[in-house]
């Protein structure tokens, strides 16, 4: 068909040329035959840019046969940076993820695994919004990531299965994924399953301390061998009795378990003696989480507007068992300590959402209730066989939270101007029955997008954005549960954390929808940061907790420059430079740091359906609280082969080619801590994967149950 279209265009162009040029017919015929022999259309491959920038978002088209998962695709998106703690856009953390308009209300490692379960065969495009609008929850302070899935089969079915293996000498990970979607008349049914199994993931670390007091020294080494299993299952059904009404019901189930045996060796000495500590720790955790979502959508044909009613329930049950055995000895004494702890946590979240959308106006209301019940009990082993309770270390927490919200948003376009303005109002009531603490507060969150096009084709555009947001503490950060990592270090939560308020603004110059230059700022009040302190009972013991910084401001410039010099080569470069101003307390002086983030990628399309991809990612030294994270640079390489027109895909790759490891430093009143960590799964790893795409039927629009956009569930992090 393409050849016929080309011949028709060539013929009509030739007739026009015949009338315009005084040449002989035979010469024209020769010219036409020569052109036909020169251009063989099936041999021509046009590869357009995968990424373009609109006024308020980046749009990245996904090639179905790329054989990548959601994490790998997001690492290619402009301004997006991922870690096991979450997603940041242009340096602003706390980005929310939506799949087909449904919020993925997970966080940390759980969110990472969920995105890893998505495959390029299922994803049509990814949209990156640096700023969330008023219709999103006020705690979407880091922007939003929209993942739109591909169209399924009409009156038929389609599916995808893949298996990815990651190996290193002391780390293995296996990840099978499968998805299926079917359509019959007025019914749609879809299901997916994903398993991430890590039979081994070893890590080791060492710590040195520099004491300000002369004559004192400290050294510590440790190792851990973790096994974990993460499973997610999802199934939903859609019923559309007519073109105006749609009902949906979806059930999700998540299960996670991990086993973390570790040991540490510590030595602390002064001018008089040296004390050695040998610790063995065993930390085991399990949880399961179930979510049920209902949606109803009614389209008003006479006014081109839509009424939506969403409701969902999420329940999570978690439990953990820890066992600690520490042996201390010096020249004149020896002491053996054994204790254990048990933790239980139950979370229940109920959400209701009603909204009305028209062409230019949108309004809605939401209500959410959150219940958390946490208990922790510690016991110490006495001589003989007696376990004695340690009430000073245990806790009970009964926490309630209610949030009511209303929002309105208006959009209009006039000539070269486009404006979207919105306002969100939220009322929050929290109570901690254990401490009889009640808080009530009312907040308003404005948002505005303004763009101006310098020419009719919008080759040059200028986009300005502003928004106010809130970041509520994660439940894990609030729990005062003590996790021991060595005899001289542990981690604990802070139940007195305040929410963080953020004012964000930016100005972006856009050229040809792809090349962007952005300047902006993120101004934080009461920013939640990890902070290293010394234990009051024993200052040689350091612990990590969470605190609120008085103020912290980030001023940044971001550049995105995709480039395709030839049809077989795609180049992409992203750069973020930032100045970080920290005011830990009102009376302290400002601390300023310069930061940078760089990512570059080259993708080569080779003969025989082969493709080669090379990536580089680098960050400068980062600062958080009184800690520093060392610079980190990695290089990845991947080779891919397609079979049977992309139905089968084989992938081979190496991540972290030069086996870089991470490290950080902490500054306390009495000493400096220098810690280096090597985790096998984060080092040099070999990857091999195979994917199979199958289906039967005609293409049609894919549907899934729409969930509420409230982001409470993402606070259920480990």
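Observations, loosely collected:
- Verdict on residue 317 being over 30 Å from residue 477 (Cα atoms), at pLDDT 90 or above, assigned by TED's automatic domain parsing to the domain that holds residue 395 and assigned to a strand (DSSP E or B): no
- The one condition in (1) in a strand (DSSP E or B); (2) under 25 Å from the mean Cα position of the chain (by Cα); (3) more than 21 Å from residue 488 (Cβ to Cβ) that residue 649 fails to fulfil: (2)
- Annotation note: of 336, 242, 259, 312, the sole residue that is touching a strand residue (DSSP E or B) at 6+ places or on another chain (Cβ under 8 Å) and without any contact (Cβ under 8 Å) to a residue 24 or more places away in the chain is 336.
- Candidates in segment 393-425 are the residues that are in contact with a strand residue (DSSP E or B) (Cβ under 8 Å, 6 or more places away or on another chain) and assigned to a loop (DSSP other than H, G, I, E, B); of these, the one that is surrounded by the fewest Cβ atoms within 10 Å (Cβ to Cβ) is 416.
- For the residues 538, 548, 522, the requirement of being under 30 Å from residue 275 (Cα atoms) and assigned by TED's automatic domain parsing to the domain that holds residue 207 singles out 538.
- Any hit, segment 79-87, residues being in the same structural domain as residue 624 (by TED's automatic domain parsing), modelled with pLDDT of 75 or more and over 18 Å from the mean Cα position of the chain (by Cα): no
- Test: residue 689 is closer than 30 Å to residue 156 by Cβ and either outside the structural domain of residue 310 (by TED's automatic domain parsing) or at pLDDT below 90 (or both): yes
- Qualifying residue in segment 646-664 (condition: in contact with a helix residue (DSSP H, G or I) (Cβ under 6 Å, 6 or more places away or on another chain) and surrounded by fewer than 17 Cβ atoms within 10 Å (Cβ to Cβ)): yes
- In segment 196-230, the residues that are modelled with pLDDT of 90 or more, closer than 30 Å to residue 249 by Cα and surrounded by 16 or more Cβ atoms within 10 Å (Cβ to Cβ): none
- Which numbered condition residue 487 misses (of (1) farther than 30 Å from residue 672 by Cα; (2) surrounded by 18 or more Cβ atoms within 10 Å (Cβ to Cβ); (3) at pLDDT below 90): (1)
- Complete set of residues in segment 626-645 that are assigned to a strand (DSSP E or B) and surrounded by 16 or more Cβ atoms within 10 Å (Cβ to Cβ): 627, 628, 632, 634, 635, 636, 638, 640, 642
- Test for residue 623: is it in a strand (DSSP E or B) and farther than 28 Å from residue 538 by Cα: no
- Of all residues in segment 596-612, those that are within 25 Å of residue 628 (Cα to Cα) and in contact (Cβ under 8 Å) with a residue 60 or more places away in the chain total 2.
The values are calculated or read from the model by the stated rules, or taken from the named source; none is laboratory data. What you are looking at is a predicted structure, and each value in this text was computed from that prediction instead of being measured. Note that we place each Cβ from the backbone using ideal geometry, even for glycine, and neighbour counts take in every protein chain shown.
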